[in-house]
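Heads up: the structure comes next, in structure tokens.
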Amino acid sequence: MTCRPNARLVQNPDSALPALCDFDFVLMLEAGADPDLANFIPRCLTLEWQSDFAALFRVLRDSPACTSQAK
């Protein structure tokens with residue numbers, strides 16, 4: 001079994017919502033290790049670009065998942 005560094009975040013994406021909603025973009029390094037980048041926290045992130053080294057996501061700040069977490 002391979003351990004993914006983002007496994008805890010994938011299992012509980014709500015734990016990241018307050019922090020994600022403060023940003024416009026998220027850069028994931030070592031993106032080639034994730035088998036399904038297009039569906040990585042799809043409620044708040046949309047994949048813009050990817051390579052084996054990195055992936056760039058746009059934060060969907062207007063999504064209900066983010067707006068419900070607003071401070």
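Would you kindly find the accessible area of residue 62, with a 1.4 Å probe and non-protein molecules such as ligands, DNA and RNA excluded, rounding to the nearest 10 Å²?
Surface open to solvent at residue 62 totals about 140 Å².
Not counting ligands, DNA or RNA, and with a 1.4 Å probe, what is residue 53's accessible surface area in Å² rounded to the nearest 10?
Probe radius 1.4 Å; accessible area of residue 53 about 140 Å².
Probe 1.4 Å, all protein chains in place: accessible area of residue 43 in Å², nearest 10?
110
Report the gain in length on full extension from residue 36 to residue 58: 0.36 nm times residue separation, minus Cα-Cα distance, nm rounded to one decimal.
My answer for the length gained is 6.3 nm.
Leaving ligands and nucleic acids out of the surface, order 30, 48 by accessible area at 1.4 Å, largest first.
Working: 30 130, 48 90 Å².
My answer, sorted largest first, is 30, 48.
Of 51, 63, which has the most accessible area and how do the rest follow, probe 1.4 Å?
On the way: 51 40, 63 15 Å².
Descending accessible area places them as 51, 63.
Using a basic spin-label model with each label point 7 Å from the Cα along Cα→Cβ, how many nm lie between residue 46 and residue 23?
Each label point lies 7 Å from its Cα, and together they span 1.8 nm.
The values are calculated or read from the model by the stated rules, or taken from the named source; none is laboratory data. This structure is a prediction, so every number in the text was calculated from the model and none was measured. Don't worry about glycine lacking a Cβ; one is built from the backbone with ideal geometry, like all the others, and counts go over all protein chains shown. Remember, those area values only see protein heavy atoms, side chains included, never the ligands or the DNA or RNA. Shrake-Rupley method; radii C 1.70, N 1.55, O 1.52, S 1.80 Å.
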